[in-house]
Each structure stands twice: as structure tokens, then as C-alpha cells.
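Below: one structure, written as C-alpha cells.
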Amino acid sequence: MPVDFRDCFWGEGNNGFDVLYRNMKYGYVVTKDLAEFFKERSVIEETNSKLLSKLAKHASNCCSQGSFAPLWAILKTSTEKLATLHMQMVQRFQELIKDVIKYSEDQHKKHKSCKEEESTTCDVVQNIQQTTISLQKVCKAFNARSIEYEKLKRDNASLKELEKAEMKCKKSL
């Protein structure tokens, strides 16, 4: 038997709409956090690139003669390449940050329009929830008064007490 979304949408206690709405609202916050994370990572990569470039300059200033000359040349070249790669990462992160911010802004606009379009649905869901809560309270009060009425009947209470309990029972509806 296939599961149909509309049969499962409302969820327990008619909270399905609220869950979807909160997820949509929280999505905007999450994308902002993601952009901030990428910004911090970009700063770290840029710092690494600068430090590696500085280290490469130090390696080029070292002794270029003697038996360690080839090693210094390799260290200089590899450090320069690594610095370049870190700088490329900075550029990639900058592009990614722009994309995430654009996505976040688009998502925020869609959330606003959806909020306006579905405001009646939100009101209906709140009314259903309030009605359900009220109904549960009424049922609980009715059951308590019915039990009280039945107890009075079993205990052979006076007619006046029975009528009073019966009136309370009817009023609770």
C-alpha cells in the first residue's frame, strides 16, 4: 500500500504544517550560518597562503650553493605551489559564498511569499488545534461529571443530588 503525502501531512496533533513552516523558516538561518562558516574558512585559507608565500621567500633566500641547494629549490617550488593552491581555495570560497548568499536571499523571498499565501492555512491549523484542545477539555469534564453522576446513582443518593449531578453533566457539554 503506497503512502500518500496528504494522508501523512498533518501528523500527530495536526503539527505537520507547523513542522514544515519551522523547517522553512530555519532554512534561512542555516544558510546564513553556512555562509559565515565559508567566510571564516576563506580567511583561514588566505592566512595559510600568505604564511606559505613568506616561507617560500625564506627558502629562496637560503643558501643556493652546496649539497642542499637542490633541496632548497624543491622546498621553495613546492611551498610556492601550495601557497597558490591555498589562494585558489580562497577564490573558490568567495564564489561559493556569493552563491550561498544569493540562495539565502532567494529562499528568504520565497519564505515571505509562502508565508503570505499560506497565512489562511496557518490560521485554519491554529483553529483546528484550539478546537481539539477545547474538545479534549470538554470530554474530560464530561467524563468526570458522568462518573460522579454514576457514583451517586450507585450510592442511592437523594433525587435532588441526582438531578443536580445530571444538570452538571448536561452543562459540561
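Taking the Cα centre of the chain as origin and charging only Cβ (+1 Lys, Arg; -1 Asp, Glu), how large is the dipole, in debye to the nearest 20?
Around 400 debye, computed over the chain.
Can you compute the FRET efficiency between ARG22 and THR131 using 1/(1 + (r/R0)^6), with r the Cβ-Cβ distance and R0 = 25 Å? Round to the nearest 0.05.
Once the sixth-power term is evaluated, E becomes 0.70.
Rounded to two decimal places and with Rh computed the Kirkwood way over Cα pairs, what is Rg over Rh for the chain?
On the Cα set of the chain, Rg over Rh gives 1.50.
Using θ = phi - 60° and the Karplus form 6.51 cos²θ - 1.76 cosθ + 1.60, what ³J(HN,Hα) does each residue of region 76-93 get, whole Hz, x for Gly and Pro?
4, 5, 5, 5, 5, 5, 5, 4, 5, 5, 5, 5, 5, 4, 4, 4, 5, 5
Between SER146, GLN88, SER67, whose Cα lies farthest towards the positive end of the dipole of the chain when Lys and Arg beta carbons carry +1 and Asp and Glu beta carbons carry -1, centred on the Cα centre?
Positive-end residue among those listed: SER146.
Against the longest principal axis of the chain, how steep is helix 159-171, in degrees 0 to 90 to the nearest 10, with axes from Cα atoms?
40
Where does helix 16-61 land angle-wise versus the long Cα axis of the chain, in degrees 0 to 90, nearest 10?
10
Can you give me the Rg/Rh ratio for region 76-130, using Cα atoms for both radii and the Kirkwood formula for Rh?
Rg/Rh: 1.52.
Each value in this text was obtained by applying a stated rule to the coordinates, not by laboratory testing. Just so you know, these numbers come straight off a predicted model, no measurement behind them. When we count neighbours, we look across all protein chains shown, and the Cβ atoms used for this are built from the backbone with ideal geometry, even at glycine.
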